Every structure is written in structure tokens, then in C-alpha cells.
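A short write-up of the structure that comes next.
The values are calculated or read from the model by the stated rules, or taken from the named source; none is laboratory data. Here the structure is a predicted model, which means the values were calculated and not measured. Every residue, glycine as well, gets a Cβ built from its backbone with ideal geometry; the counts of neighbours run over all protein chains shown. Please note that ligands, DNA and RNA were not included when accessible areas were found on the heavy atoms of the full protein model with its side chains. Shrake-Rupley method; radii C 1.70, N 1.55, O 1.52, S 1.80 Å.
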Amino acid sequence: MTEKHRKMLIRILVTFVLFIVLMIMDHSGIFSWMDEFPGGFFLYLVPYLLIGYDIIWKAARNIRNGQVFDENFLMMVATFAAFGVGEYSEALAVMLFYQVGELFQSYAVNRSRKSISDLMDICPEYANIEVDGVLKQVDPDDVEPGDLIVIKAGERIPLDGIVAEGESMIDTAALTGESVPRRAAAGDEVISGCVNGSGTLKVKVTKGFEDSTVAKILELVENASSKKAKLENFITRFARYYTPVVTVAAAVLAVVPPLMLGGGWADWIQRACIFLVISCPCALVISVPLGFFGGIGAASRIGVLVKGSNFLEAVAEMTTIVFDKTGTLTKGEFKVTEVIPQGISGEELLRTAAFAEGYSTHPIARSIQEAYGKPLDLTKVSDAEEQPGHGICANVEGHSVLAGNGKLMQQMQIPFTECRRGGTVVYVAVDGRFAGAIVISDTIKEGAKEAIRDMKQVGVKQCVMLTGDRKEAAEEAAGELGIDQVHAELLPADKVEKVEALLKEQPPKERLAFVGDGINDAPVLTRADIGIAMGSMGSDAAIEAADVVLMDDDVRKIAAVVRISRKTLGIVKQNIVFALGVKALVLLLGAFGMANMWEAVFADVGVSVIAILNSMRALKSK
């Protein structure tokens, strides 16, 4: 419990004791003078001001700023009017139990926020740089890419980088939700925000602080609450018109019937007070955003960042999910599995392709270079030009070399023998003549098959895979995974077209999600109803464009987020129906004089507390 909550609880307890004492004095008959003004008025005024001074101050400040109609205004007017007609105990009870509801609300918000605010603790305070053999603590903002930093055991990794020296176990729980530490040794990539476990590491920084993983996560968290769901926007608009309407209705109820019936002012003013207390929209205004906040918190606890409640709501309506293949469903760890030469030796074919791909950092290019296994003298390569979605053209030792897919061969009008092997096939041509094919295979990512199965269990109607790979390789992977539709040999622009075609087929109330990790996925992530990016290995552009980020790249967590979002949406709808139903009933009873102030307190504070407690169930989502 925070200091603020502790102080509020003390105020409530002191006021409650005074309230009980005054009620005993009032109803025992011993102190009959309390029934007369100003005796009871001043005795009840003291605890009333003790518990309600902040509400009166907020209402007065908002009136001064032109924001008249809110719950503080309703509480102030209702309790002032109750004092005016001599209902001192009711006025104090309304303010006391309203503050009890506010305490519950504040505590619930604090609990919901804690799941997300825990992420704020990942922000590093300093970085260690070695200067003349002595470690010096500097601000992470002052460290440049290429600098060498030292991370001691137990310290938080301040910046993204590659381990240059040392070995340790890295605790990634704060970012990914994964409880098992990961081993990091020389050559391994480490990301900021994680905690170094056992050994000292020397890390070469690859990104400045503003571009680091931890900085991007903090930005996502800070912006998450600004993007509201449709239900939240509805409640905001509803409250904007609802509050002034019920205030005018209460004024009419207090004035018109006595004028028409000739008297009975105290009774009708009391009814108006009851009407005002009942009409306070706290249960709706608080419980709806609190429910979404709880859902976002539950997702963050399993290592999934949802950038706003509107995206959490959209996930609940998702019926189609589209996956990029490489790096999402497969590991992206390509290995040469077959070399098929034509007219030259297999070794010469592999050497020629390795030199042609020498300047490329694409995973397929790296796999060919690794298979060749010898140092590349890139001075022998010139005029290397990449053809997006096709391959590469280069001059190797005076020979014109093409290395790419079948589209490249067709584009350059080179006759070739099509290879029907599973996996990705790189065709090679030298001086305009086909020289053979190299088969490269990718492996299915651990948990990908279970992720597709779980998607179907939570009600996703179709799982689609888009890839630039050959049709044979794509269909082989799709068959193993249980994918419903597969579209292969696509360029980045083709992926956008496919997603747009699928969006046109979608019924109005259903949503489509796209899952990707590469920089070329950013346009598709933006175009889909919900963009889901890999946070650990994904590119910065993909993470920026996405609406949901999987911090540990585990696609199995998508189904978990669907469950969380649907539970959250169910809770929010329950709160809306319950709050509106109870308030409508008690408002009618109050208007006809069939509800007293205590029932009004339940319709306001009781409904708010029940709705808030119901919203907190979203935090328990698994």
C-alpha cells in the first residue's frame, strides 16, 4: 500500500468512527438538541469536511476551469443539498462511502499499473566504461556505438551490444516473461534491460541509448494508455453528455413538482439529491479503462507488449492470422543441403556463388558463404547489385555471375533446369550460361506447430503464410505446420497486396493480424488490422510499425493474448451492463420516492466497487 493510500485509509477510518458515534448520539434520544439547527449541522460538518474536503476542492477548481460536470460536482451538489434539507447523516454517509469507492479504485489502478510499471525498472542508471584500467560510471546516453562497456554480475545491461569477452547467464524475465536465464558468451547478442547473472561481460555497443531495446520498450509503455478502445471512447462520449443531462433532470425534479403540486420542497429536493448520487457515472468511467489496463498488464507479465487498449480489443475480434515464414515460423538458420552443378564442379559452383553473395548480409547469402568455408577476397568482386526479391548480379574475376531464384533467370532470359527439391533454391549462371543450383533449407521454429494449433483452438478461422520462398519449400513447411493457406514467391509489395485481398474478404466485425519480423514486413504490419512483431530478433522498423510486440519471439504467446483480450472484453461488457442496469432501476425508484439515500449510495459506490473488483480479474488472466 502506498503512502497516499495509507493516509486515505486513516481519513476513512477516523470519519467512520465519528460517523458511528454521531449516529448513536442522534438515534439514542439523549442528545435531542442535535436534531435542531445548528447543533447537528456543525457536528456532522466536521467529519464531512475531514473526508470530503478534497472532493469539494476538485469540484470548485473544475468549475473555475470551465469543467463543471463530473463526479466531484455531483457529489458536492448532492451532499450540500442533503445538508440543506437537514439530512446530515445521509450527506456524511454519501461522501464517506464515495471515498471508500475512490480508495478501492485507486488501489485497483495501482495494482493494474504495477504489472506495466515494473517494466520501468528495466531502465539502466549507468554504464561502466574502462578508462586507464579503472571502471568509470557514465550516463548510458553518453555511450556511442562501438564503445566497449563492462557489465558486472548483478548489474542491468544498459545498452544493446555483442559480447566481446566473458561468459554469463542473462536474466531476461523483465523483458520476455521467461523465467529461465539464457547463456551469453563471446559473439552473442545481448539486449538492454536484462540482468547479468554470474560473470563479468565486456560488451561492444551496437546501438545508442535512444535506439536501444529498453528505450523503445519504455516508449511503447508510456504511449499504451493513450490509444483507447472503441468501448472506452463510447464511455467517454457517454459520460460527457450523461452527466449534464442528469444534473438538469435533478434540478427539474427538485423544482417542477413542488411548483405544480404546491409545496413539499424538502421531499422533492431530497429526491433530487438521491437522483444525483445514483447518477454518478464512476462505475463506468473507472471500471472500463481499468479493465483494459488490467488486460494490458496481464499481457506484459507474459512478455507481450500491447500498444493500446484499442489493439487489445482488436485482438479479441481476430479471426484470420497471416504469418511471414522466415524468422517467424522458421528459425531463419539456412544451411546448404545440396549442390547440383551443371557444366562445372560442385566446388566451383559453391565458390562462384559465395563470391557473388560476398557483400550480402542476407541469411541465404551467409549460408552459402559458410558452406564454402574459405576466406573471400572481395577485391575479385565488382559491380555487385542486388535485385530485390530476385537475387544478385555481380562481376567475379571478370565473369558475369547471377545468383538468385527462377525469376532472375527468366528476367535475364537464361534457360535453366528447374529444381523441385524442398527448401530454397539458388540458381547460378556464369557469363549467361546456367551453371547449377544450390539447395538451402530452413528449419521450423520450436513451438511454431503448437502455435498454429493453439490459434485454431481459440477460434481463429484461418492461418495463412506469406513468403518469398519457392512454392515447393513453402508448401512443405505449411504442410508440416498445419497452415490453411500458403502464398509463395512473393515480393514485399506482393505481401501487401495479399493482405489487402484478405482484408476485403473479412466480415465487418472480424479482424486480421499479420506476424512478421523483418524490415520488409513493416508495410504489411501497418496495413493489417493488427500488426504483431518479434521484439527480440525483429528489426526496429517492424517493432515500430507493429501494434503488438512479442518480446521473446515466441509465437505461442499470440494465442495467450487472444485469451487475455477476450476475457478482458467480456469483463468490460459485464461492467457496462451491470452498472447501467442497476443505475437505471434505482434512478427510477429514486425519482418516484421509492429509494432512500442508502440505496443511492449502493447504486453509486456499491456498483463502482463491484465493477472495479470485477475489472481486476483481467489481471489474473493466464
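In this structure, is LEU378 farther than 30 Å from ILE483 by Cα, modelled with pLDDT under 90 and in contact with a Phe, Trp or Tyr (Cβ under 9 Å, 6 or more places away or on another chain)?
Yes.
Give the stretch 577-607 a look and list any residue that's open to solvent by less than 20 Å² (accessible area, probe 1.4 Å) and part of a helix (DSSP H, G or I), or say none. Walk me through it before giving the result.
If we filter the stretch 577-607 for residues that are open to solvent by less than 20 Å² (accessible area, probe 1.4 Å), which is where we start, we get 579, 583, 586, 590, 595, 597, 600-601, 603-607.
ALA579, LYS583, VAL586, GLY590, MET597, ALA600, VAL601, ALA603, ASP604, VAL605, GLY606, VAL607 - these are the residues of the stretch 577-607 that are open to solvent by less than 20 Å² (accessible area, probe 1.4 Å) and part of a helix (DSSP H, G or I).
Here is a yes/no grid of residues against (1) open to solvent by less than 10 Å² (accessible area, probe 1.4 Å); (2) in contact with a helix residue (DSSP H, G or I) (Cβ under 7 Å, 6 or more places away or on another chain):
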{"position": "ALA298", "(1), (2)": "yes, yes"}
{"position": "LEU305", "(1), (2)": "no, yes"}
{"position": "GLU317", "(1), (2)": "no, no"}
{"position": "THR320", "(1), (2)": "yes, yes"}
{"position": "THR328", "(1), (2)": "yes, no"}
{"position": "VAL339", "(1), (2)": "no, yes"}
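What are the pairs with Cβ atoms under 9 angstrom where one residue, in the stretch 582-595, is in contact (Cβ under 8 Å) with a residue 12 or more places away in the chain and the other, located anywhere, is open to solvent by 30 Å² or more (accessible area, probe 1.4 Å) and assigned to a loop (DSSP other than H, G, I, E, B)? Sequence gap at least six, or different chains.
GLY590/ASN596
Please go through the stretch 124-170 and pick out each residue that is within 11 Å of LEU201 (Cα to Cα), more than 30 Å from the chain's Cα centre (by Cα) and open to solvent by 40 Å² or more (accessible area, probe 1.4 Å).
LEU148, LYS152, ALA153, ALA164, GLU165, GLU167
State whether the residues of the stretch 69-90 include one that is at pLDDT 85 or above, of a type outside the set (Lys, Arg) and over 20 Å from VAL607 (Cβ atoms).
no
Filter the stretch 226-258 down to the residues that are at pLDDT below 75, open to solvent by 20 Å² or more (accessible area, probe 1.4 Å) and of a type in the set (Val, Ile, Thr) and list them by number.
Residue satisfying the conditions is THR236 alone.
For the stretch 453-510: of the residues being within 16 Å of THR320 (Cβ to Cβ) and of a type in the set (Lys, Arg), which is surrounded by the most Cβ atoms within 10 Å (Cβ to Cβ)?
Filtering the stretch 453-510 for residues that are within 16 Å of THR320 (Cβ to Cβ) and of a type in the set (Lys, Arg), the one surrounded by the most Cβ atoms within 10 Å (Cβ to Cβ) comes out as LYS495.
Any idea which of ILE20, ILE51 is at pLDDT 85 or above and surrounded by 12 or more Cβ atoms within 10 Å (Cβ to Cβ)? Full working, then the answer.
Numbers: ILE20 fails: surrounded by 12 or more Cβ atoms within 10 Å (Cβ to Cβ).
Of the residues listed, the single one that is at pLDDT 85 or above and surrounded by 12 or more Cβ atoms within 10 Å (Cβ to Cβ) is ILE51.
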